[in-house]
Each structure stands twice: as structure tokens, then as C-alpha cells.
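Colleague: Sharing a structure with you now.
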Amino acid sequence: MKSVVTTVIASADAAGRFPSTSDLESVQGSIQRSAARLEAAEKLGTNIDTVAKEAYDACIKKYPYLNNAGEPNSTDTFKAKCARDIKHYMRLIQYCLVVGGTGPLDEWGIAGGREVYRALSLPTAPYVEALSFARNRGCAPRDMSAQALTEYNALLDYAINSLS
């Protein structure tokens with residue numbers, strides 16, 4: 001799984017060198033932010049069902065046509081799959097918070113996501129809306145500290161940009 005540490009080591013190894021000062025500063029920065037990331041991961045884990053449900057509701061509110069016959073959210077099975085996918089993205093964001101890198105999102109959420117959505121003729125805009133809602137609903141200090149919220153929002157932005 002890709003994290004700041006594994007990325008730095010792999011990069012230095014590929015170049016046949018020891019990690020540079022800037023490489024080590026990057027690792028140090030990641031370690032210094034680890035408490036905030038773990039706080040965000042814990043808070044998200046505690047509320048993941050609520051956050052995912054609210055995000056799903058927000059995307060359906062913005063795109064109500066998805067519930068029309070023949071559309072991607074028109075049956076109970078499709079609705080369950082859409083809600084599952086949103087929760088899956090939230091879980092991947094939680095994993096990223098724990099490892100301190102985008103590896104889980106890159107490997108399990110983004111790499112094949114666009115191709116799958118394209119092959120199934122599923123729009124990505126509702127997922128972008130759901131993740132945007134999750135990003136905008138977060139509030140410090142109500143939900144988590146300001147630094148934890150910054151770490152959480154950065155990963156949501158990464159996912160949003162990847163799906164856009």
C-alpha cells in the first residue's frame with residue numbers, strides 16, 4: 001500500500017540513492033500530522049454510516065432524475081449499490097487517513113472507478129456531489145479538530161478531483 005514512507009523509499013531506491021533531506025522532511029511532516037489524521041479516521045469511523053447516508057441523500061436531492069425508470073438509481077438494488085459505493089469511498093478515505101497517503105484511494109477507488117462507471121454508463125457527478133457534501137458538512141470543532149478536518153478535507157478533495 002502506498003504511503004509517504006513507502007513512496008519516499010521506493011523513489012530513492014529506484015534512483016539508486018539514499019533518501020534525501022527533502023525526502024526525510026516529507027516523511028517527518030507526515031508523521032507530525034499523524035495524530036490529526038488518526039483523529040479524523042476515528043471520528044469518520046464512528047460516524048461513517050451517518051456521513052455516507054447524508055452524502056447519498058444530498059446527491060439524490062441534487063440529481064432526482066436518477067430515480068426515474070431506467071436511470072442508475074431507479075430500483076432498490078441500484079439505490080443500495082449507490083449508497084454502498086459512497087460508503088466505500090468514505091471507508092477508503094478513512095484508510096488513507098490511517099496510512100498517511102492516497103494509496104488506498106488510488107489502488108481501490110480511483111484506478112478502475114472511472115472505467116467501471118463508463119462501462120456501466122454511470123455518471124460520476126452524483127459521486128462528486130456526495131463527496132462534496134461530506135466535505136462541506138464537516139465542522140471544527142463540532143466534528144473534529146481543525147487540523148483533523150484539514151486532513152480529511154484534503155483527501156475528499158483528492159477523490160473529488162479524481163472523479164471529476
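Colleague: Hey, can you tell me all the residues within the range 83-107 that are of a type outside the set (A, V, I, L, M), over 14 Å from Ser3 (Cβ atoms) and over 9 Å from the mean Cα position of the chain (by Cα)?
Modeller: Scanning the range 83-107 gives Arg84, Asp85, Lys87.
Colleague: Restricting to the range 45-72, name every residue that is among the hydroxyl-bearing types (Ser, Thr, Tyr) and touching a residue at least 12 places away in the same chain (Cβ under 8 Å).
Modeller: Keep residues of the range 45-72 that are among the hydroxyl-bearing types (Ser, Thr, Tyr), which gives 46, 50, 56, 63, 65.
Those that are among the hydroxyl-bearing types (Ser, Thr, Tyr) and touching a residue at least 12 places away in the same chain (Cβ under 8 Å): Tyr56, Tyr63.
Colleague: In this structure, is Tyr65 buried (at least 19 other Cβ atoms within 10 Å of the Cβ), assigned by TED's automatic domain parsing to the domain that holds Arg135, of a type outside the set (Lys, Arg) and assigned to a helix (DSSP H, G or I)?
Modeller: Numbers: buried (at least 19 other Cβ atoms within 10 Å of the Cβ): no; assigned by TED's automatic domain parsing to the domain that holds Arg135: yes; of a type outside the set (Lys, Arg): yes; assigned to a helix (DSSP H, G or I): yes.
No, not satisfied.
Colleague: Among the residues of the range 114-157, count how many are more than 23 Å from Lys61 (Cα to Cα) and either in contact (Cβ under 8 Å) with a residue 40 or more places away in the chain or in contact with a Gly (Cβ under 9 Å, 6 or more places away or on another chain) (or both).
Modeller: As a first pass, look at the range 114-157 and keep what is more than 23 Å from Lys61 (Cα to Cα): 115-116, 119, 140-152, 154-155.
So of that shortlist, the ones also either in contact (Cβ under 8 Å) with a residue 40 or more places away in the chain or in contact with a Gly (Cβ under 9 Å, 6 or more places away or on another chain) (or both) come out as 143-145, 147-152, 155.
Count: 10.
Colleague: Here is a check on your reading of the model: is Lys87 assigned by TED's automatic domain parsing to the domain that holds Glu39, surrounded by fewer than 20 Cβ atoms within 10 Å (Cβ to Cβ), part of a helix (DSSP H, G or I) and in contact with a helix residue (DSSP H, G or I) (Cβ under 7 Å, 6 or more places away or on another chain)?
Modeller: Yes; evaluated as a whole, the condition is true for this residue.
Colleague: Being more than 30 Å from Ala10 (Cα to Cα) and at pLDDT below 95: is that true of Thr124 here?
Modeller: Details: more than 30 Å from Ala10 (Cα to Cα): yes; at pLDDT below 95: yes.
Spelling it out, Thr124 is indeed more than 30 Å from Ala10 (Cα to Cα) and at pLDDT below 95.
Colleague: From Ala80, Ala55, which residue is more than 12 Å from the chain's Cα centre (by Cα), under 15 Å from Ile160 (Cα atoms) and part of a helix (DSSP H, G or I)?
Modeller: Working: Ala80 fails: under 15 Å from Ile160 (Cα atoms).
Among Ala80, Ala55, only Ala55 is more than 12 Å from the chain's Cα centre (by Cα), under 15 Å from Ile160 (Cα atoms) and part of a helix (DSSP H, G or I).
Colleague: Looking at Glu39 and the list (1) in contact (Cβ under 8 Å) with a residue 60 or more places away in the chain; (2) under 26 Å from Gly112 (Cβ atoms), which single condition is not satisfied?
Modeller: (2)
Colleague: Go through the range 1-41 and give me each residue that's within 25 Å of the chain's Cα centre (by Cα) and of a type in the set (Val, Ile, Thr).
Modeller: If the condition is that a residue be within 25 Å of the chain's Cα centre (by Cα) and of a type in the set (Val, Ile, Thr), then Val4, Val5, Thr6, Thr7, Val8, Ile9, Val27, Ile31 are the ones that fit.
The values are calculated or read from the model by the stated rules, or taken from the named source; none is laboratory data. Every value quoted in this text rests on a predicted model; they were computed, and no experiment measured them. Cβ sites come from the backbone with ideal geometry, for glycine too, and all protein chains shown count toward neighbours.
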